[in-house]
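Report on the structure given below.
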Amino acid sequence: MSTNGNGTPVYKRIQNVIRKRIDSSELLPGDPVASERELARMHKVSLMTARHALAGLEREGVVERRRGAGTFVAAPKIHFNKLMSYTEHMSSRGLSPRSRVLVAKIVEHDAEVAARLALPATSPLVKIERLRETGDEPFALETCYLPAKEFASLAKAPLGRTSLFATLKQDYGVELAYADEEVDATTAETNIAELLGVPRGASVLRIRQVIYSTKGKATIYVVGFYRSERHTLFIRRFR
């Protein structure tokens, strides 16, 4: 495999040039990337090396190829590899997070959710449903449930502008530690499809979480629907 003067494979050097242009916002999501032939000419390499460079970036989700149209900068994906708030996730990717609160109220008689939070079946719950956006584009629809006995005032909190995780820490002294999650693929029902801007019946990622505090108490139950083309779940397994 050909390398440059410092031992870096040439295809990686090409990839690094493209990444730097993306990181510096010289190339934005949706912008075209030079073709294999153009890259081969610019970097004085074989067509196969240029093709290898683009294929690697495509596997990583940095670029996407559209048949008959070319190669373009892919929209950044959100990688779920750490328990973070939506605000933290977005900020870590250099994106501007926004939330639109659709529902914020006290609900009762939701036995399934109460059971997830280890509460009696008739326990009142705070329900907060938010549409997560960046720019003008919807990313996710998330519904959070918390015990109303402890967190009733959250129904009036400005959670369209602030992080729920940060609010729990600052206003209630509750720090979150870990989550048990169930992940599956499902199809978007009409209301979910409309909110997420996807066709009805489109595949979406569903994540159900029970989030625990540092004291080991089940604090939040979350049901989230995520646009599958914009999210990746990262899992590390040990043997």
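So here's what we get for this one:
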{"item": "Positions within the range 16-64 being of a type in the set (Lys, Arg) and under 15 Å from Ala74 (Cβ atoms), in sequence order", "result": "Arg19, Arg21, Arg59"}
{"item": "Qualifying position, being assigned to a helix (DSSP H, G or I) and surrounded by fewer than 19 Cβ atoms within 10 Å (Cβ to Cβ), among Ala115, Ala185, Ala121, Ala177", "result": "Ala115"}
{"item": "Residue match in the range 26-44 (condition: within 23 Å of Asp136 (Cβ to Cβ) and of a type in the set (A, V, I, L, M, F, W, C))", "result": "yes"}
{"item": "Residue that is in contact (Cβ under 8 Å) with a residue 40 or more places away in the chain and either out of contact with any Cys (no Cβ under 8 Å at 6 or more places or on another chain) or within 30 Å of Glu64 (Cα to Cα) (or both), where the choices are Ile220, Ile192", "result": "Ile192"}
{"item": "Only listed residue being of a type in the set (A, V, I, L, M, F, W, C) and farther than 21 Å from Leu119 by Cβ, chosen from Val174, Val183", "result": "Val183"}
{"item": "Residue match in the range 149-162 (condition: in contact with a Leu (Cβ under 7 Å, 6 or more places away or on another chain), among the aromatic types (Phe, Trp, Tyr) and at pLDDT 95 or above)", "result": "no"}
{"item": "Selection status of Arg19, open to solvent by 50 Å² or more (accessible area, probe 1.4 Å) and at pLDDT 90 or above", "result": "no"}
{"item": "Any hit, the range 106-127, residues being modelled with pLDDT of 90 or more and under 18 Å from Tyr226 (Cα atoms)", "result": "no"}
{"item": "Count of the range 148-165 residues which are more than 14 Å from Leu125 (Cβ to Cβ) and open to solvent by 70 Å² or more (accessible area, probe 1.4 Å)", "result": "2"}
{"item": "Check on Ser91, more than 16 Å from Gly224 (Cα to Cα) and at pLDDT below 80", "result": "yes"}
{"item": "Number of positions in the range 22-54 that are at pLDDT 90 or above and in a helix (DSSP H, G or I)", "result": "16"}
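The values are calculated or read from the model by the stated rules, or taken from the named source; none is laboratory data. Predicted, not measured: the structure shown is a model, and the values here were computed from it. Glycine gets a Cβ as well: all are built from the backbone with ideal geometry, and neighbour counts include every protein chain shown. When the accessible area is computed, the model is the full protein with side chains, heavy atoms only, and any ligands, DNA or RNA have been set aside. Shrake-Rupley method; radii C 1.70, N 1.55, O 1.52, S 1.80 Å.
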